[in-house]
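One structure below.
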Amino acid sequence: MDDVLHIEVEDEVALVVMNRPDSRNALNSLLLGGLRASLASLDERDDVRAIVLTGADPAFCAGLDLKELASGASISSGVGDGHPFPPDMATPVIGAINGPAVTGGLEIALACDLLIASDRGSFADTHARVGILPGWGLSVELPRAIGVRRARQMSFTGNYVHADQALQWGLVNEVVPHGDLIARACALGRDMATVPAAASAAMKRLYWATHAVTAGDAMLVEKEVNRRWSESGGFDTERLAASREAIQARGSAQK
């Protein structure tokens, strides 16, 4: 697995690197299956509070390995619906987009909770150009991220959207110099690690629950999840009292 996927854990942040640079980190069966299994394993670890996902330069991920696909092989993670991410992940995932994220690679990026791009990052949806259709949520997540007309533009043309334009469109959270990408993504991961684990996991589930329904229903979902969280003892008044000054000081320092 070390040949196609590198994993390091430091300060409660796991750095996961897709490592098939000669193939622009295209997803063959080994990488796709290993990615899903590794994310599931990291999600269960108490010493991992955030995950940074990136690719070995020069690309983030070129999508499915077309050579393997053209050979008639069935590329699958071997688990569930074949999506590279396991269902119901509680750990936040930061996509560190170091280069092109194309088609299936774009779908992996869209599955991350937030995206930090280097100035070499770019995005393209070439599903239609290749003659396949998305199956990992692109037709849902891409228009939600950038608007339906921009999403159609990407899907109908296959044209690349580069980092600065992706930032303007709301596809990425930040664009940083290439050499600063991993440091910035890991710094955000360490910020996430300071949030109580149970609350972070509940917040992530809440975002996904409200994301999956209409705005009106989402408000009802939020209220119900809030009620259950409060009644289950999720809100810890003693912990808040102990950390209140630190929370206030952190907020004041960022103003």
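Read the figures in this text as sums done on the coordinates, not as results from a lab. Treat the numbers as computed from the prediction; the structure is a model and nothing was measured. Here the Cβ is made from the backbone with ideal geometry for all residues, glycine too, and neighbour counts use every protein chain on show.
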Would you say W136 is over 13 Å from G104 (Cα atoms) and either without any contact (Cβ under 8 Å) to a residue 60 or more places away in the chain or of a type in the set (G, A, S) (or both)?
no
Members of the range 187-219 found to be hydroxyl-bearing (S, T, Y) and in a helix (DSSP H, G or I), listed by number
S200, Y207, T210
Test each condition in (1) under 11 Å from G105 (Cα atoms); (2) over 17 Å from the mean Cα position of the chain (by Cα) for C61 and report the one that comes out false.
(2)
Within the range 87-121, residues under 13 Å from G63 (Cα atoms) and not in a helix (DSSP H, G or I) come out as G99, P100, A101, V102, T103
Would you be able to tell me the number of residues in the range 132-186 that are within 17 Å of the chain's Cα centre (by Cα), part of a helix (DSSP H, G or I) and among the β-branched types (V, I, T)?
3
Exactly one of (1) crowded, with 20+ Cβ neighbours inside 10 Å; (2) free of Cβ contacts under 8 Å to residues at least 24 places away in the same chain is unmet by L39. Its number?
(2)
Inspect the range 137-150 for any residue being β-branched (V, I, T), crowded, with 19+ Cβ neighbours inside 10 Å and on the phi < 0 side of the Ramachandran plot and give the result as yes or no.
yes
